[in-house]
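First the structure, in the form of structure tokens, and then the observations on it.
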Amino acid sequence: MKSVLLFISVAVSTFVIGLWGARGFPIPFIAATPMQARVDSTFGNDKSEQIAQQRQEQAVADPDNGKRNPLRMDALQAATGFTLSPCNPEMKAKLVAATTAYAAAYRWRDTCNPMFGNCEPAIERANVMYSSPLDKRVRAALNEAFEKGGITGQDFPPNLQMEVMSLANSQGNPVSACTQTSERRMR
């Protein structure tokens, strides 16, 4: 008896779902309203350039900006040194130490936890503080060093890996440039 009732209920529900599907799965109780256009910018609007310029001015005018210059210079020198001499383990150690110090000052997650709130203001502030012309040079040098090979985010402390890779705009390459040149010589 139970199996007959189960069979009948499955048959009826299959019929009803099939009929509903044949009509395109309409949902009668949801009324569609036309969306309003919300375009508030025009073609050729240079508002974003103005905002970027204001951010750079803020970063340069910040009283803590000068305190970060030694970190920037150390990171720039270490990245350049590693790029020029990737086979030297001392250069790699200097790059890791300087970049760790530089990224520790950039760390925005100390002020905000992405799982429990909106971190846009903290990220925005960190990006503004690290948008000076010297910071752009450091980021470019870090990117070049990471792309050279032999260094990755895994070479840094786990709590700073995200910041390091963000500043370098690269995950790095675990294959060292030294092994690449020795492989070419063997061929």
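Just so it is clear, none of the values below were taken in a lab; they were calculated from the coordinates. If you're wondering where the values come from, they're calculated on a predicted model, not measured in any experiment. Positions of Cβ are backbone-derived with ideal geometry, glycine not excepted, and every protein chain shown enters the neighbour counts.
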Q.
Starting from the 7 Å offset along Cα-to-Cβ, what nm value, one decimal, do you get for the label separation of ASN169 and SER85?
A. 2.8
Q: Starting from the Cα of LYS47, draw a straight line to each of the aspartates and glutamates and keep only those under 14 Å, dropping any in the same chain fewer than 8 residues away.
A: none
**Q.** Sequence-distant residues sharing a close amide H with ILE151 (under 5 Å, placed H)
**A.** ASN173
Q. Which ³J(HN,Hα) values in Hz, rounded to whole numbers, follow from the phi angles of the range 160-169 under the Karplus curve 6.51 cos²θ - 1.76 cosθ + 1.60, where θ = phi - 60° and Gly and Pro get x?
A. 10, 4, 5, 5, 4, 5, 5, 5, 7, 6
Q: Subtracting the Cα-Cα distance from 0.36 nm times the residue separation, let me have the gained length for ALA97 to ASP64 in nm, one decimal.
A: 9.8 nm
Q: Sequence neighbours fewer than 8 away in the same chain don't count; with that in mind, list the lysines whose C-alpha is under 20 Å from LYS148.
A: LYS92, LYS94, LYS136
**Q.** Those chymotrypsin sites (Phe, Trp or Tyr not before Pro) in the range 48-154 that DSSP places in a loop and that have at most 12 other beta carbons within 10 Å
**A.** PHE116
